[in-house]
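Here, each number is a calculation from the coordinates, and none is a lab measurement. Everything numeric here is computed off the predicted structure, so don't read it as measured data. Every residue, glycine among them, receives a Cβ derived from its backbone with ideal geometry; neighbour counts consider all protein chains shown.
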Amino acid sequence: MTGPIMSTRMPETAAIPRRAWVEQIMGLPVSIHLRGAALGSSRVERQIAAVFADLRHADRVFSTYREDSDLSRWERGALPLADADPTLAVVMELCEQARLRTEGWFDARRLPDRRGDRLRYDPSGLVKGWAVKRAARHLTGLVETSWCINAGGDVLVYAPAGQPPWRVGIEDPANPARVLRIIARAGGAVATSGATHRGAHIIDPYAGRAATAVRAVTVVGPDLMWADVYATAAVARGPQALTWLADVDGYEALLVDRLGAVHSTPGWPG
Amino acid sequence: MRRITLWLLSTVAALVLLFSYHTSTMGTGGTESSPVAGAVPRPAVTGGPSGDDGAGSVGGGTTGQQGNGTYRGSVVRTRWGPIQVTITVASRKITNVAVPIYPNGNPRDEEINSYALPILRQATLDAQSADIDTVSGATVTSDGYHESLQAAIDAAHLS
């Protein structure tokens, strides 16, 4: 993960046509940006529509807000796992993998529900990254086209050889109108988790209460789901999570501690 | 590279000013009267792209045709000690600022450095923030979307 992303001079970004689409899904803004020569084609429109359709489907299966989601119905015993959307079992298995990979710091099993009056199974911290990386498959067939999906601050990008990397600003948790760092990425994920995220707190699963030792953690790496899981686990774990993440192959992290000081793993790009 | 050279010059001057400010308010009774800016020899981009984005890495001696890489300014001697600034460039944008050499004669210097560096880095990134393509952050929700930086970026490209 070290070294400049670009090894040769690239054409001016401004010279390549760019187009964006935005929809609100899962309570989050999801924006897709494409760069390439033929962005007005009906094929492009179909592929973009397929990405958003995938994400809306994931919302119907996994929403913790909807009483009629597969997850909610399964949880109250109204829907056997075998009869649920098959992705529910897939995600549950991934959540268990995530718990093991993070040494227990990511744990979907006992999280406070929206009203905070009970503990429930909540895979939301993994579902978004999983759903976005899965939906991105609809864009991989667009030749000579760069794409960037941003789902509520978690980013997955791709730029083919000959096109410039995407410049990803990392939000300052103390002032969301500013960026702390900018990194250039030609592929892969940039995921950020904060101590206060969407109005809810990230729970320290060992202490059973909101984690407060860090303000935000950003993780870069090849896979959006794992980058997001690691970022969430690192917020729960606190500043010492950097030592753990430094040993995770392919992923690097930037951490803003409670006082606003910025720390990163040795291989952090830029 | 001319812009970057100029930028390095102004950065070193700004850094020296920051050191100067803190030193003078510490009441250590500096007696030299030479203006701060005058204490700054002309910095120059001495390294080419180094092929390494590690702060403080040394230029590899290649020419600057590509523009990407880490550049280091000359070591500038000030009345408080030597200062060197390095910048990392990708796609002709500065992506990081580091000060591998700075005065460390007393414990306050360490403190000043930790104060000045984030200011420099922020100023650099602010100046270029119009050029970012997307924003990664924990606070972007549908409710707050319309006031977000991401919304501004999206708006510029919606068709």
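For peptide A:162-171, the mean count of partner chain Cβ atoms within 10 Å of a residue's Cβ comes to 5. Looking at chain A as a GNM with Cα springs under 10 Å, which of A:PRO165, A:PRO222, A:PRO86 has the largest mean-square fluctuation? In this elastic network of chain A, the residue with the biggest mean-square fluctuation among A:PRO165, A:PRO222, A:PRO86 is A:PRO86. If you wrap segment A:94-140 in the convex hull of its Cα atoms and look at it from every side, the mean projected area works out to 4.0 nm².
Highest GNM mean-square fluctuation among A:SER193, A:SER63, A:SER41, for chain A modelled with Cα contacts below 10 Å: A:SER41. Rounded to the nearest 500, the 222 nm mean residue ellipticity of chain A from helices alone is -8500 deg cm²/dmol, with -39,500 (n - 2.57) taken per DSSP H run of at least 4 residues. Measuring max minus min along each principal axis, the C-alpha atoms of segment A:104-250 give extents of 51, 32, 29 Å (largest first). Given labels modelled 7 Å from the Cα in the Cβ direction, how far is it in nm from A:GLU75 to A:ALA15? My value for the distance between the label points is 5.2 nm. The slack between A:LEU259 and A:ASP83, meaning 0.36 nm per residue of separation minus the straight C-alpha distance, is 58.5 nm. Peptide A:153-159 has a mean of 3 when you count, residue by residue, the C-beta atoms of other protein chains within 10 Å of its C-beta.
Taking the fewest neighbouring Cβ atoms within 10 Å as the starting point, the ordered list for A:ARG73, A:ARG114, A:ARG35 is A:ARG114, A:ARG73, A:ARG35. If you plug the beta carbon distance of A:ALA174 and A:ARG56 into 1/(1 + (r/R0)^6) with R0 = 30 Å, you get a FRET efficiency near 0.35.
Scan chain A and report its longest stretch carrying no GluC sites (Glu not before Pro) that are both in a DSSP loop and have at most 12 other Cβ atoms within 10 Å. Walk me through the numbers before you get to the answer.
Working: sites that count: A:GLU12, A:GLU67, A:GLU103.
Of all site-free stretches, the longest is A:104-270.
In the frame of its principal axes, segment A:16-85 has Cα extents of 52, 22, 12 Å, reported largest first. Qualifying chymotrypsin sites (Phe, Trp or Tyr not before Pro) in segment A:195-255, where qualification requires a DSSP coil assignment and no more than 13 other C-beta atoms within 10 Å, comprise A:TYR206. A Cα-only calculation for chain A places Rg and Dmax at 18.7, 58 Å.
Just to confirm my numbers, what's the Cα centroid distance between segment A:117-133 and segment A:29-98 in Å? The distance from the Cα centre of segment A:117-133 to that of segment A:29-98 comes to 11 Å. When every alpha-carbon pair in segment A:16-148 is counted, what percent end up more than 24 Å apart? Tail of the P(r) past 24 Å holds 39 percent of the pairs. Peptide A:30-37 is shielded by partner chain Cβ atoms: per residue, an average of 3 of them sit within 10 Å of its Cβ.
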